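These notes are about the structure you will find just below.
The values are calculated or read from the model by the stated rules, or taken from the named source; none is laboratory data. Note that the structure is a prediction, hence the values are computed from the model and not measured. Using ideal geometry, Cβ is built from the backbone for each residue, glycine included, and neighbour counts are taken over all protein chains shown. Protein only, heavy atoms only, side chains kept; ligands, DNA and RNA dropped before computing areas. Shrake-Rupley method; radii C 1.70, N 1.55, O 1.52, S 1.80 Å.
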Amino acid sequence: MLPYGRQSISEDDIAAVTAVLRGDWLTTGPAVTAFEQAVSELAGGHRAVSCTSGTAALHIAYAALGVGTGDEVITTPMTFVATASCAAMLGAQIVFADIDYDTGLIDPSAVEASLSERSRVIAAVDYAGQSADYAALQPLADRVGAHTLADAAHSVGGSAGGRPVGDLADVTTMSFFPTKNLTTGEGGAVVCKDPAVAQRAHEFHFIGLVRDPSRFELTDEGPWHQEVHEYGVNYRLTDLGAALGISQLARLAEFKRRRTEITARYNKAFAGIDGLHTPVQRDGVDPMWHLYPIRVLGGRRREVFERMRAAGIGVQVNYIPVYWHPVFARQGYKRGLCPNAERYYAEELSLPLFPALTDGDVDRVIETLVELVG
């Protein structure tokens with residue numbers, strides 16, 4: 001079975017991890033500090049807080065932004081459930097705004113129609129690897145005193161308008177799962193433009209521990225002292241994962257080059273094929289293509305999915321609209337809420353896309369799909 005995504009591990013990656021195993025620090029050590037600095041440099045120089053997963057990054061980000069009961073978080077239904085569930089767990093009401101049918105990205109006009117005085121965060125998703133329209137979303141957030149959040153799980157290494165992912169929204173979350181654009185095994189990061197938000201993110205992911213003596217409320221303890229002012233969790237990335245991430249970052253440009261090359265081959269092969277709709281790229285965006293989300297028209301997506309799998313090609317579907325999940329449906333969210341997202345979901349099929357995919361593999365995918373829809 002040809003997978004739809006997989007990690008790319010080199011001998012340098014293995015050496016970086018084994019060096020940590022031979023050292024003194026397995027966690028909270030120098031590799032974590034170095035990795036966070038490297039992510040910061042990639043993301044426009046803003047402080048980065050590493051963590052254990054992209055889901056953890058979202059939880060940290062919403063907590064750092066003060067999301068809680070009574071707040072509304074506007075987001076897209078065309079995403080993995082964590083984009084919404086991590087805000088809901090903190091007590092927020094999730095407001096789903098529809099997508100642009102061509103790109104799969106949240107539609108700023110739908111966001112504008114959803115704004116209220118309770119809006120706390122506009123959480124966009126860089127679906128498939130291209131950035132959402134933060135130039136349109138930021139003024140909407142500013143209008144009501146909200147923040148923008150970029151769920152950049154798919155787009156790490158990309159840019160828009162000459163600015164890197166991590167510099168496009170108030171807060172950016174990243175994922176380093178094995179199928180993502182680089183990996184730490186499991187892992188993620190939160191990038192914050194506001195240093196105060198970044199500090200809250202750091203403390204939340206570090207069990208809420210405060211270690212700055214100038215902020216202590218208990219002032220008569222010894223030099224060992226640390227204290228908790230607000231609840232936090234342990235979402236700390238290990239030095240093992242961080243070392244792998246540092247090594248992977250050295251190849252990020254090559255990963256991007258190959259993903260772009262494969263995407264171009266797919267686009268050329270499927271252009272003009274009846275029954276298929278190729279991805280649309282926004283103007284001014286330089287994507288880090290994470291998915292290749294082709295649309296299979298005519299109500300044939302499930303048939304084609306099953307036949308591609310039977311042919312040994314590991315296609316995937318990304319994603320079921322979030323509010324279709326029973327946990328949201330039980331709260332009263334109804335099908336039909338976001339028609340563009342539901343139409344997109346009914347047609348979407350993610351083809352294999354990862355750096356180690358050979359030209360022969362790509363040709364096999366193309367030939368099989370064209371034969372099936374032809």
- Query: Could you list log10 I(q)/I(0) for the range 293-374 at q = 0.17 Å⁻¹, which the Debye formula gives when each Cα is one point scatterer?
  - Reply: -0.73
- Message: Taking a virtual spin label 7 Å from the Cα of residue 346 along the C-beta vector, which residues in the range 69-103 bring their backbone nitrogen under 20 Å of it?
- Response: 77-79, 97-103
- Query: How far is helix 11-21 tilted off the main Cα axis of the chain, in degrees rounded to 10, range 0 to 90?
  - Reply: 30 degrees
- Note down the relative contact order for the range 55-147 as a percent, whole number, built from C-alpha pairs under 8 angstrom at least six residues apart. 28 percent
- Task: Taking a cut-off of 15 Å between Cα atoms, list the aspartates and glutamates near residue 334, but don't count ones fewer than 8 places away on the same chain.
- Result: 98, 342
- Message: Tell me the relative contact order for the chain as a rounded percent, counting alpha carbon contacts under 8 Å between residues six or more apart.
- Response: 23 percent
- Message: Can you give me the % of accessible surface on the chain that is carbon or sulfur? Probe 1.4 Å, all protein chains present, nothing else counted.
- Response: 52 percent
- Where in the range 164-206 is the amide nitrogen less than 11 Å from a point lying 7 Å along the Cα-to-Cβ axis of residue 226? 203, 206
- Item | Ellipsoid equivalent to the range 1-74 - semi-axes via the Cα gyration tensor, in Å | 30, 20, 13
- Item | Helix 30-42 vs. the chain, principal-axis angle (Cα, 0 to 90°, nearest 10) | 60 degrees
- Determine how large the accessible area of residue 216 is when every protein chain is in place; take a 1.4 Å probe and give Å² rounded to the nearest 10. 40 Å²
- Solvent-accessible area per residue for the range 1-59 (1.4 angstrom probe, square angstrom): 52 Å²
- Note on the structure: Excluding residues fewer than 8 positions from residue 268 in its own chain, the lysines with Cα under 29 Å of it are 180, 256
- Using the C-alpha gyration tensor of the range 239-338, what are the square roots of 5 times its eigenvalues, in whole angstrom, with the largest one first? 29, 24, 16
- Query: Counting each DSSP H run of 4 or more residues in the chain as -39500 (n - 2.57), what helix-only mean residue ellipticity at 222 nm follows after dividing by all residues, to the nearest 500 deg cm²/dmol?
  - Reply: -11000 deg cm²/dmol
- Task: Would you please give the FRET efficiency between residue 1 and residue 109, computed as 1/(1 + (r/R0)^6) with r the Cβ-Cβ distance and R0 = 41 Å, to the nearest 0.05?
- Result: 0.50
- Item | Accessible area expressed per residue, the range 132-234, with surrounding protein chains retained (probe 1.4 Å, Å²) | 44 Å²
- Message: Taking just the alpha-carbon atoms of the range 1-156, what radius of gyration and Dmax come out, in angstrom?
- Response: 18.0, 56
- Would you work out the relative contact order for the range 135-202, in percent, from Cα pairs under 8 angstrom that are 6 or more residues apart? 24 percent
- Message: Please state the shape class of the range 99-230: rounded when a/c is under 1.5, otherwise prolate if a/b exceeds b/c and oblate if not, all from the C-alpha gyration tensor.
- Response: oblate
- Item | Cα long-axis angle, helix 301-310 against the chain (0 to 90 degrees, to the nearest 10) | 90 degrees
- Message: Give the aspartates and glutamates whose C-alpha is closer than 17 Å to that of residue 193, dropping any in the same chain fewer than 8 places away, or say none.
- Response: 36, 41, 142, 151, 167, 170, 203
